[in-house]
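Down below is the structure, laid out as structure tokens.
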Amino acid sequence: MPKAKCDHCGLEYDKEILIEDTSFEKPKNFCCKGCQGVFHLLKDEGLENFYAKKGAVFLKPPAIENEDLQRFDMSGFREKYVKEKDGFYEISLIISNIHCAACIWLNEKILYKTEGVIEVSISQVNNKAKIVWDPEIISLSKIIEAIRSIGYNAYPYDSRLQENQANAARREYYSRLAFGIFAVMNIMWIAVAQYYGYFFGIEQNTKNILTFAEFLIATPTLFFTGSVFFKGAYYGLKSGFATMDLLIASGSSLAYSYSIYVMLSGIGEPYFDSVTMIITFVFAGKFFEVLMRKKAVDTLDSISGTLPNEVTVIKNGKKEFINIDSVDIGDAIELKPSEKVVIDGICESGEGSFDESSISGESLPVSKSKGDKIISGTICLDSVITYKASLKAKDSTVSKIATLLENALHKKPRIEQLANQISKKFSSTILLIAFMTLLYWWYSADFNQALIVAISVIVIACPCALGLATPVSTLVGLGVGAKKGVLFKETIFLESLAKCNVLALDKTGTITLGKHEVIKVETYEKYDASLLFSLAKSSLHPVSVGIAKYLQQQEAPKEIELENIKTIEAKGVTAIYQGVQIAGGNAKFMNDFGFDCKDDEGTNFWFAVGDKIAARFILEDVPRQDAKEAIKKIKNMGIEIVMLTGDNSYAAHKIAKAVGIDRFYHSLLPQDKAAFIENLKSGGKKVVMAGDGINDTLALAKSDIAISLGSGTDIAVNVSDIVLMSDSLKSLSTAFEISKRTYKNVKQNIAFSILYNATTIPLAVCGFVMPLIAAISMSFSSLVVVVNALRIKTKG
């Protein structure tokens, strides 16, 4: 019975059972209604060139199983897997049945053409898709249905499930390597006999038996252990570029094919032993590279990967063990010694020490008692604590950190993009050099010698070292930063920070503790303390907070309802009470209302009721304990430091002198700070801005690199490129150290990989390197790059 292929999936069936569709100019055949529907869908959407991109890859006929679609729209599913931001929803999905770049292209095209889908990004490494959509226009179930309609499927990304899959892949690598090592050990004994016979004589029949035995060992090694190289080479060529896998696959295949010719013809010497050793040694290098890269990223995974799934919640006096996703804001959670905090909250009862090293990088335990903030990711060390949840599990600190790091891994630094471009062209260039080498040696010597030299050229060249030079170093840099409480939102910021030469620092809350304490009060008119207390409570500025705290300590003021409250950033606040205007702020702010005020002695807060100044408060803020040491370290790195503040000259000079800053600017409004940053950049400077408040956001946005303290405002954290989880300025100097160390390491790796290839390839072309040594050298070069990257962990 004649056979025919389905025009969608490419699978072959008896022609009689295929569905013939005559609606096309040339009739099409389909194996099922699903394939026919997908073909029509692609044609209607103008995506017929998918089949050209797909090539010879077979697809799985679409199975229309949409009974479970409704679960994707359930509130429980949404709370667990979907993030909401700016009115849009975002989810990470794993797309199954993806075979190649054409599959990724098709899924992205279909989803982008679906109304309501805002953003789609699918990773070719692990088929992980990031999808952003407008819930007012389309539901998640409709998105899943669109994916299924073209023969694919999707399920939510789960880090624990991915870890299981990674372990399974590692076990598979191990079994292939174990087989390769077993084959090498056995073929070496046969090779010893072959070489002995070559020098001292051997009967032809014996030689033929030994050659056949080598063939039996080399064949499964090449196609089982080495299958990963053939697969990588195939998909690389389908995507339009040559890879390291192509070099290994072509080099070993040439040697294998030639050896079969020798075995059958009896002319020349076989190289089955070289095939086995090349595949095994290169695969061993690849295996150890995978292990070391996994070790490099383990720090990132450990932040959220070891969190428990359930917590003890106290409801109506009873303790229940429930899933973390079911915990609501306000629920009482009990923590026992050695338990890890999963959800952020406020301590309700009990006192104890917490290990916050995984979040802030500080090794000393931190004492917590009633009213203190409990941070997720930390460990309760020695007491039973009860606290109230202040966030949902998906919004917890540790969840946000994991999201930041995950997003960072998807962004590539410029130096890595350049290295990738070089390595893409590298392999095709090497193949050309190997071909020219083959022709030269064939002409000047014989084909046997020419083939061996050409194989050595192919095998010894290592685009892999160049390709690994940057990503492994940046992975380690991200991990070290996360461990020390420094979060880089993108890997590109590691490179950018290392190139910066000016650091602009906000004073209040960054260099200082941001806890202003009243040291002197001058009263000019009698006033209602509750009125001032209410005005101060309406502002979050550290000075206003300091005033409110002082009044609470001195007397028991009541909070009064004020009208028409207006806060002027970095200046002050005004309001109306019973038709009378009240105002509080610095001298410049008060003078705008017609008063004659002058700031001196420290940070000043003037208070006026109506047209009279009622009082002046002089406050003092103190530098952070480690500020002076951290600033000295940063200066020693060759970075110029400038302090920017909205405070008066007296307060600015006092703090700058205390911490060792020579250049400072005072009485600056938020727009003045931003303009100062702009002027520095226009002068050719690369500027880092570090701040923590709302009034720093303009300057943070204008800088080349923005750094915020984790305790800063949400706006400052969102605008920043790097977040310091600890309020210690030691973390700031650590961020510079890590970035410079990582960037230096990247340059070392790139220099080594270029030097390695520039040295070894000419030696191979000249015939000084045998294939076995070439394979060992190539694996060694990749391992050197990875081991050097891991040195970032051991320094500092």
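Just so you know, all these numbers are worked out from the coordinates, no wet-lab data involved. Note that the coordinates shown come from a computational prediction; the quantities given were computed from them, not determined experimentally. When we count neighbours, we look across all protein chains shown, and the Cβ atoms used for this are built from the backbone with ideal geometry, even at glycine.
Please give the length that would be gained between Asp372 and Tyr174 if that part of the chain were fully extended, namely 0.36 nm times their separation in residues minus their C-alpha to C-alpha distance (nm, one decimal). Kindly include the intermediate steps, with their values, before the conclusion.
Working: separation 198, 0.36 × 198 = 71.28 nm, distance 4.86 nm.
So the extension gain works out to 66.4 nm.
Looking at the range 476-528, which trypsin sites (Lys or Arg not before Pro) are in a loop (DSSP not H, G, I, E or B) and have at most 16 other Cβ atoms within 10 Å? Display every interim value, and only then the final one.
Values: sites: Lys483, Lys484, Lys489, Lys499, Lys507, Lys515, Lys520, Lys526; in loops: Lys484, Lys489, Lys515, Lys526.
Sites meeting the loop and neighbour criteria: Lys515, Lys526.
How many nm is it between the label spots at Thr523 and Asn564, if each spot is 7 Å from the Cα in line with the beta carbon?
2.9 nm
Just flag the GluC sites (Glu not before Pro) in the range 528-620 sitting in loop per DSSP whose Cβ has no more than 13 other Cβ atoms within 10 Å.
Passing sites in the range 528-620 are Glu555, Glu559, Glu561.
Using a simple spin-label model with points 7 Å from Cα along the Cα→Cβ vector, what separation in nm is obtained for Glu310 and Lys113?
Label at Glu310, label at Lys113, 4.8 nm between them.
Percentage of Cα-Cα pair distances in the range 508-667 greater than 30 Å, rounded to whole percent? Before the final figure, lay out each step's value.
Details: 2598 of 12720 pairs.
Everything past 30 Å amounts to 20 percent.
Quote the FRET efficiency, to the nearest 0.05, computed for Phe595 versus Lys685 with a Förster distance R0 of 41 Å and r equal to the Cβ-Cβ distance.
Working: r = 39 Å, r/R0 = 0.95.
Taking R0 as 41 Å, the efficiency between Phe595 and Lys685 is 0.55.
Along Cα→Cβ, 7 Å out, is where each label goes; now give me the distance between the ones at Phe215 and Val784 in nm to one decimal.
Here the answer is 3.9 nm between the modelled labels.
Once amide H atoms are built 1.01 Å from N in the peptide plane, which residues 5 or more positions from Asp599, or in another chain, come under 5 Å H to H?
Under 5 Å from the amide H of Asp599 lie the amide H atoms of Ala587, each far enough along the sequence or on another chain.
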